[in-house]
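Take a look at the structure set out below.
The values are calculated or read from the model by the stated rules, or taken from the named source; none is laboratory data. What you are looking at is a predicted structure, and each value in this text was computed from that prediction instead of being measured. A quick note on method: Cβ atoms are made from the backbone with ideal geometry, for glycine too, and the neighbour counts reach across all protein chains shown. Note: areas computed on protein heavy atoms with side chains; ligands, DNA, RNA excluded. Shrake-Rupley method; radii C 1.70, N 1.55, O 1.52, S 1.80 Å.
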Amino acid sequence: MNSIDISFITINYNSSHYTIELIKSIQKYTTIKYEIILVDNASREEDFKILEAFVVEFDNIKLIKNRINAGFASGNMLGVNYARGEYYFFINNDTRLLNDCGMIMKNYLE
């Protein structure tokens, strides 16, 4: 059995402030085993550095820097290549969790 229940996959493009707020909401509400796959879609270097500095202290966040802005769908598929979770939870970076929707999704799928 996989040790990670959910892989949250999100895309960042020059919007690190939104992405960081999403990550904080995932950390606050998620009670199952999870990882966050964060694909940066060729943001400006300063925006990428903000994310890099924020995620460095978390073992369950993978930051992938895409050399080109491949778009939303391709960015998500790049993230899937790094995901180890039993289920994938694609989520826009300007979203905030308000409850343990990862657990709700997992329970529904099972």
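Where only DSSP H runs of four or more residues are counted, the chain gives -11500 deg cm²/dmol as its mean residue ellipticity at 222 nm, each run worth -39500 (n - 2.57). Going 7 Å from the Cα of Lys33 in the Cα-to-Cβ direction, what parts of segment 66-95 have a backbone nitrogen less than 12 Å from that spot? Counting backbone N atoms under 12 Å from the label point, the list is 84-87.
If Val80, Val56 are ordered by their accessible area, calculated over protein heavy atoms with a 1.4 Å probe, which sequence runs from highest to lowest?
Numbers: Val80 30, Val56 115 Å².
Heavy-atom accessible area, descending, gives Val56, Val80.
Would the chain count as rounded, prolate or oblate if I go by the C-alpha gyration tensor, calling it rounded below 1.5 in a/c and otherwise prolate when a/b exceeds b/c, oblate otherwise?
prolate
Based on C-alpha pairs under 8 angstrom that are at least 6 apart in sequence, the chain has a relative contact order of 43 percent. Over segment 4-110, accessible surface divided per residue gives 54 Å², non-protein components excluded, 1.4 Å probe. Excluding same-chain neighbours fewer than eight residues apart, the lysines reachable from Lys49 by a Cα-Cα span under 26 Å are Lys24, Lys28, Lys62, Lys65.
The listed residues Ser3, Ser43 rank as Ser3, Ser43 when sorted by accessible area, largest first, using a 1.4 Å probe.
The modelled label-to-label distance between Asp100 and Asn81, using points 7 Å beyond Cα along the C-beta direction, is 3.4 nm. Taking the 1.4 Å solvent-accessible surface of the chain as the whole, the part contributed by carbon and sulfur is 54%. Other residues lying with their Cβ under 11 Å from the Cβ of Phe48 contribute a combined charge of -2, Lys and Arg counting +1, Asp and Glu -1. Among the complete DSSP H segments of the chain, which ones combine at least 18 Å of alpha-carbon extent along their axis with a mean Kyte-Doolittle hydropathy of -0.5 or more? For the chain, where a helix must reach 18 Å along its axis and average at least -0.5, the hits are 16-29.
Net charge around Lys106, counting only other residues with Cβ within less than 12 Å of its Cβ (Lys, Arg = +1; Asp, Glu = -1)? Write down the numbers at each step before the final one.
Numbers: positive: Lys33; negative: Asp5, Glu86, Asp100, Glu110.
Net charge in that neighbourhood comes out at -3.
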